[in-house]
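The values are calculated or read from the model by the stated rules, or taken from the named source; none is laboratory data. On a predicted model such as this, the values are computed, not experimentally measured, just so you know. Cβ: placed from backbone, ideal geometry, glycine included. Neighbour counts: every protein chain shown. Calculation scope for accessible area: heavy atoms of the full protein, side chains included, ligands and nucleic acids excluded. Shrake-Rupley method; radii C 1.70, N 1.55, O 1.52, S 1.80 Å.
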Amino acid sequence: MRVTIISNQSEKSKQVSKSLEDLLQEEGVVIDGLAPDIVISVGGDGTLLSAFHRYAHILDQVRFIGVHTGHLGFYTDWREFNLADLVDQIKNDKQEAEEYPLLDVRISYQNGQEAKHYLALNESILKLMDKTLVCDLFIRDEFFERFRGDGLCVSTPTGSTGYNKSVGGAVLHPSLEALQITEIASLNNRVFRTLSSPIVISPNEWITLKPINTSSITLMVDQLVSEEENVAEVKLKIAKERVSFARYDHTHFWDRVENAFLGVKKQNASDLD
Ligand code: NAP
């Protein structure tokens, strides 16, 4: 078993990483950053996103584990006080994994430049910073609507609790094979009209976004921000690649949602009176 640890810059995360590395080595686990079987991120969901992008080229070989050093996250459900238990589970690993869908993003250009391709764990966002974005939205290559507003967000089920939720998207269970499109400040009046609600599409559908009033857009893919010129279109679909998590001691998804957004679970409903 080969393991690597990716930590954020906080002193606490660095200390937890060091303790974890020592425990793993004591148990004969090899620390290998080049070809790991397991990637452990220590920090928050943002740290796990960085770890994902660092190892996105070997997704078929790695499983991820998130240790959080702050609050319980969506990708991080181990705490620093169960490190010995985590090491024990890694030693007795049975190769079990939970797999979730990823977003495939492909940008093609007007000037014949080679198309660019990205994988997103959370979402991809198309934005225009200095004026209203006018953008045609196609589903399965069929025209759906002309969007006017700040931008559009397309998220994975695991990303649905991130940016998507802040712009009014629904929280999706991560086992669903689906993508969600949410509007960012759409212009809606008697002249301009969009659906004005999130859309969830199925695995055999894809979305195409064609900017109309500009070819210079800001494209975000998780933490990456890219200023793109001469953009013809952006195609978004569920990727053929998937992300695997070694969730030995799994926190139920809806418990994580409750914990992150509502607070400590009430003993019973009467506490809410
Ligand atoms: P950041 O701006 O430093 O932090 C954004 C926050 O989003 C952090 O609290 C992070 O959790 C949390 N987060 C990340 N992925 C999440 C998920 N799948 N479900 C729920 N919360 C999540 O950015 P970052 O840490 O580099 O992460 C980039 C991600 O942050 C983006 O992909 C986007 O989803 C999200 N984001 C959200 C907003 C917003 O809601 N307005 C704005 C910017 C970015 P931790 O504290 O555990 O790291």
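Quick notes on this structure:
- Apportionment of accessible area to carbon and sulfur, the chain, percent (1.4 Å): 49
- Between region 50-116 and region 1-30, the alpha-carbon centres lie 16 Å apart.
- Principal-axis tilt of helix 11-26 within the chain, Cα atoms, nearest 10 degrees: 50
- Packing-based ranking, highest mean first, of 57-64, 233-240, 196-203 given that Cβ atoms within 10 Å are counted: 233-240, 57-64, 196-203
- Heavy atoms of the protein chains alone define the surface here; on that basis region 102-240 has 45 Å² accessible area per residue at 1.4 Å probe size.
- Peptides 165-171, 70-76, 29-35, ordered by how many other C-beta atoms sit within 10 Å of their residues on average, highest first, read 70-76, 165-171, 29-35.
- Rounded to whole Å, the principal axis extents of the Cα atoms in the chain read 65, 57, 35, largest first.
- Relative to the longest principal axis of the Cα atoms of the chain, helix 45-54 runs at roughly 80 degrees.
- Rounded to 0.05, the FRET efficiency of the ASP85 and ARG54 pair, given R0 = 45 Å and the Cβ-Cβ distance, is 0.95.
- Taking the chain and dividing mean pair separation by its residue count, relative contact order in percent (alpha carbons under 8 Å, at least six apart): 19
- Descending semi-axes in whole angstrom, ellipsoid equivalent of region 102-240, from the Cα gyration tensor: 20, 18, 14
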